[in-house]
1. Which of (1) part of a loop (DSSP other than H, G, I, E, B); (2) at pLDDT 95 or above; (3) out of contact with any Leu (no Cβ under 9 Å at 6 or more places or on another chain) is the odd one out, the single condition residue 139 does not satisfy?
2. Among the residues of the stretch 134-163, how many are crowded, with 16+ Cβ neighbours inside 10 Å and under 30 Å from residue 54 (Cβ atoms)?
3. Return yes when residue 57 is touching a Phe, Trp or Tyr at 6+ places or on another chain (Cβ under 9 Å) and either modelled with pLDDT of 95 or more or not polar (S, T, N, Q) (or both) and no when it is not.
4. In this structure, is residue 93 of a type in the set (Val, Ile, Thr) and closer than 21 Å to residue 56 by Cα?
5. So which strands (runs of 3 or more DSSP E) stay within the stretch 1-109 end to end and still have 2 or more residues that are surrounded by fewer than 24 Cβ atoms within 10 Å (Cβ to Cβ) and of a type in the set (Phe, Trp, Tyr)?
6. Of all residues in the stretch 164-182, how many are in contact with a helix residue (DSSP H, G or I) (Cβ under 8 Å, 6 or more places away or on another chain) and surrounded by 15 or more Cβ atoms within 10 Å (Cβ to Cβ)?
7. Please go through the stretch 171-188 and pick out each residue that is among the charged types (D, E, K, R) and touching a residue at least 60 places away in the same chain (Cβ under 8 Å).
8. Under the condition of being among the hydroxyl-bearing types (Ser, Thr, Tyr) and in contact (Cβ under 8 Å) with a residue 24 or more places away in the chain, which residue from the stretch 1-49 is nearest to residue 165 (Cα to Cα)?
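The values are calculated or read from the model by the stated rules, or taken from the named source; none is laboratory data. Note that this is a predicted model, so its numbers are computed, not measured. When we count neighbours, we look across all protein chains shown, and the Cβ atoms used for this are built from the backbone with ideal geometry, even at glycine.
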Amino acid sequence: MKIVAGLGNPGPEYVFSRHNAGWLAVDHLANRFSCGTPRMQFSSMVWSFFREGEKVILLKPLTYMNLSGKAVGEAVAYLSAEWEDVLVVYDDVALPFGKLRLRAKGSAGGHKGLLSILGRAGGLEVPRLRIGVGAAPDQRGIVSWVLGNFDKNEQKELPTLLDRTAEAVETWLSSGTEKAMNRVNASQ
C-alpha cells in the first residue's frame with residue numbers, strides 16, 4: 001500500500017494559493033485515475049484506487065497546513081503503513097516555479113506542514129515531492145506570498161506542472177523512491 005498526501009489548507013480563499021500546490025496535485029491525480037467522490041476519513045478527504053495491483057490512498061488533510069502530521073499520522077497508523085510508503089507532496093519557495101524535486105528524506109526546510117509530519121513520523125525518512133512555487137519578491141512577506149494565488153502566467157503553466165507532478169508520483173508508485181528520484185530530479 002502507498003499513501004500520497006498532498007498538503008494544503010481548507011477554505012475557498014486558499015483553493016488556488018501557492019501553499020495548496022499539494023492539494024491541487026492530489027485533485028489532479030484523483031481526476032487522472034477517475035477516483036470519483038472522496039470520503040471523509042483520517043481528518044482528510046480520501047480517495048483510493050489500485051495501480052499495478054497495489055492499493056493507493058490519496059489524502060488531502062483538512063487540518064490546515066501546520067497540523068498535517070495529525071491527518072497523515074492517523075492514516076499511517078490505521079492502515080498499518082510504513083512511513084517510507086508515504087509520499088508527501090507540497091509547495092516549496094526554495095525552488096523556482098515549476099521545478100520538481102523528489103527526496104527520500106531530509107529536514108523540513110522551514111515548511112511547517114512537513115515539519116508536523118516529520119514530528120509525527122519521529123524521523124526524517126519520509127519521501128517528499130517538492131513543487132517549486134518560487135521565492136517571495138523582496139517587497140512581499142513569505143506568508144502573504146504562499147497564501148496568495150498563482151499569478152496569471154503561473155496559472156497558464158499550472159496544468160502542465162500538475163501533469164508533470166502526476167507523472168512524478170506515478171514514477172514513485174511504480175519504481176520506488178530511488179529510481180523515481182533519479183528520473184524526476186534529472187529531468188529538471
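1. Condition (2) is where residue 139 drops out.
2. 3
3. Answer is yes for this residue.
4. No.
5. 44-51
6. 8
7. Once the filter is applied, which keeps residues that are among the charged types (D, E, K, R) and touching a residue at least 60 places away in the same chain (Cβ under 8 Å), the stretch 171-188 yields only 178.
8. Looking at the filtered set, the residue picked out is 17.
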